[in-house]
Each structure stands twice: as structure tokens, then as C-alpha cells.
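Each remark here refers to the structure printed beneath this line.
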Amino acid sequence: MVPPTTAIADVLQLRGLTGWLSPPLRPMYRSQGVLGTARTVRLASGPGDDGLFPLHRLLDEDLDGRVLVLAGGHVSAGAVWGEILTRAALASGAFGVLVEGGVRDADAFRDLDLPVWALYEATAGVGEELHVASVGEPVDIAGVQVTDGMAVVMDWNGVIALPTTDVLGDALAYADAEEDVVIALRDGSTLEEAYRFKAEMVAKLRGTPMTSA
């Protein structure tokens, strides 16, 4: 079971870590939860020697379980991703797509059920404004470094490049504690009473004992 990204983010914060890419990325539709591994692509200005063809070739490879991470596309106001590439990614087994730049054909992402997060929607393509600078090398999005093969979690609340998968177990327990708070409130407890479930989990993750009520 994949923990909610909100729980993962809170656990990362408690450990003094980061990894969330939302903001600045935002969902193109409200997708279900996905856990995959990053396949990184760095884009750069200008047509380069081969334009976007290295990306097209990548989409013909086996991408089973991979989340495509396209960094650097924001240097163009156009869309670097759309329905055609989405269909190719799905055919190759991709689990999701992150685009630090523009996309179009957002309705197709929902219809095809491939989670796509991006900075913005655009009408025109990028033309010769972008080229693929590297594939499989570390990329940076909003100060978060994403390496090829890194675990990535996406759901309807956010997207996180995990600096360590060790947080997943704690994030599941954290999410359960938050659900206990909701149940207690639903059953008539005060917020102070109900919040103790979460406070106990936070104290445990911080390694600090709870004071008695």
C-alpha cells in the first residue's frame, strides 16, 4: 500500500528532509496513487543537435514502472508533452509523467489514466525551442534533486521524489494516526482529545516522549 503524499511529506519534514515537487508542479487531473521509479530527462534551450528525438526514442524503450521526469522545459512557453507522447509512454509501461514545463491535451491524460503533473498548460508546442540535453542524469526541480531510479510517489494531493524509501512505513502509520483523529472527531471528541492520536505519532517520530495529560 502506498501512503498518501501528505503523510510522506509530514514525515519527511519531521526528519528534516524534503523531496516534494508540488508546488511548483500541479496535477493535470485527480489521479490515483502511484509509486514508481524516476527516468530522468533534462531539457535545454535551442534545437540542439537532435531536438526532442532522444525523448521519442526513450519512449520506445521498456519503461515499466517508471515515472518520466522532464526537467528544464520551463525555458519555453510551449507544451513539451501531450496526447501523442502520453500514448507512447503508456504503451511502454510508464506509471506517470512529471514535466517542469508546459503540457497540452490534458483531457487525454484523464481519459488514458496516466498521471501527469506539470507547471502549466499551453496551446502551442515548443517547436525548436527545446532539445534533450541528457537522459538518465540527475536533474533539479525547484531545488530538489531527482536521480534516475529514485522512488517517486504521486497521488491527487502531491508528488514526492523520495530521498529514502525508509519513510514509507512511518508514513503509513502517520496516515493511520490522522485517520484516528478523524474518527474520534466524528464520534464527538473535542479536537484536543482527538488530536492526541496524531501528537503521539509526531512525538514518536521525533523521538520525544509525550507528556501526560
Checklist entry - Under unit Cβ charges (Lys, Arg +1; Asp, Glu -1), what dipole magnitude, rounded to 20 debye, does the chain have relative to its Cα centre? => result 340
Checklist entry - Counting other Cβ atoms within 10 Å of each Cβ, which trypsin sites (Lys or Arg not before Pro) in the range 1-61 have at most 16 and sit in a DSSP loop? => result Arg15, Arg30
Next on the checklist: Given N residues in the range 18-161, what is its alpha carbon radius of gyration divided by 2.2 N^0.38 Å?
Outcome noted: 0.91
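Apply 1/(1 + (r/R0)^6) to the Cβ-Cβ distance of Glu121 and Ala91, taking R0 = 22 Å, and write down the FRET efficiency to the nearest 0.05.
After rounding, the FRET efficiency stands at 0.40.
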Checklist entry - Under the definition of Cα pairs under 8 Å and six or more residues apart, what whole-number percent is the relative contact order of the range 18-161? => result 40
Item to check | Dipole of the chain, positive direction: furthest Cα of Thr164, Ser189, Ala7, with charges on the beta-carbon | outcome: Ser189
Checklist outcome for this item: Taking r as the C-beta separation of His56 and Trp156 and R0 as 35 Å, the FRET efficiency to the nearest 0.05 is 0.75
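Counting other Cβ atoms within 10 Å, keep those with at most 16, restrict to DSSP loop, and tell me which GluC sites (Glu not before Pro) in the range 110-154 are left.
On the way: sites: Glu121, Glu128, Glu129; in loops: Glu128, Glu129.
In loop regions of the range 110-154 (DSSP not H, G, I, E or B), the sparsely surrounded GluC sites (Glu not before Pro) are Glu128.
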Next on the checklist: Give me a comma-separated list of calculated 3J(HN,Hα) values for the range 114-119, in order, Karplus coefficients 6.51, -1.76, 1.60 applied at θ = phi - 60°, integers in Hz, x for any Gly or Pro.
Outcome noted: 10, x, 10, 10, 8, 7
Next on the checklist: Once each part is reduced to its C-alpha centroid, what is the distance from the range 165-211 to the range 60-91 in angstrom?
Outcome noted: 38
Checklist entry - For a paramagnetic label modelled at 7 Å from the Cα of Asp113 toward its Cβ, which residues of the range 126-162 fall within the zone defined by backbone nitrogen distances under 20 Å? => result 153-158
Item to check | Label-zone membership for the range 63-106, site Arg26, 7 angstrom Cα→C-beta point, backbone N under 15 Å | outcome: 99-104, 106
Checklist entry - To the nearest 10 degrees, how steep is helix 167-186 against the longest Cα principal axis of the chain, on a 0 to 90 scale? => result 60
Item to check | Residues in the range 1-38 that a label on Leu191 would reach, taking backbone N under 13 Å of a point 7 Å out along Cα→Cβ | outcome: none
Item to check | Residue-span extension gain [Val2 to Val182] - 0.36 nm each, minus C-alpha spacing | outcome: 62.8 nm
Checklist entry - What percent antiparallel are the DSSP beta bridges of the chain, to the nearest 5? => result 50
Item to check | Value of [θ]222 nm, deg cm²/dmol, for the chain, DSSP H segments ≥ 4, -39500 (n - 2.57) each, nearest 500 | outcome: -9000 deg cm²/dmol
Item to check | Inter-centroid distance (Cα atoms) of the range 144-159 relative to the range 118-133, Å | outcome: 21
Item to check | Asp64 paired with Ala203, simple spin-label distance in nm, labels 7 Å along Cα-to-beta-carbon | outcome: 4.7
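We did not get these values from a lab; they are worked out from the coordinates using the rules stated. In this text the structure is predicted, and so the values were computed from the model without any measurement. All Cβ positions, glycine included, derive from the backbone under ideal geometry; neighbour counts span all protein chains shown.
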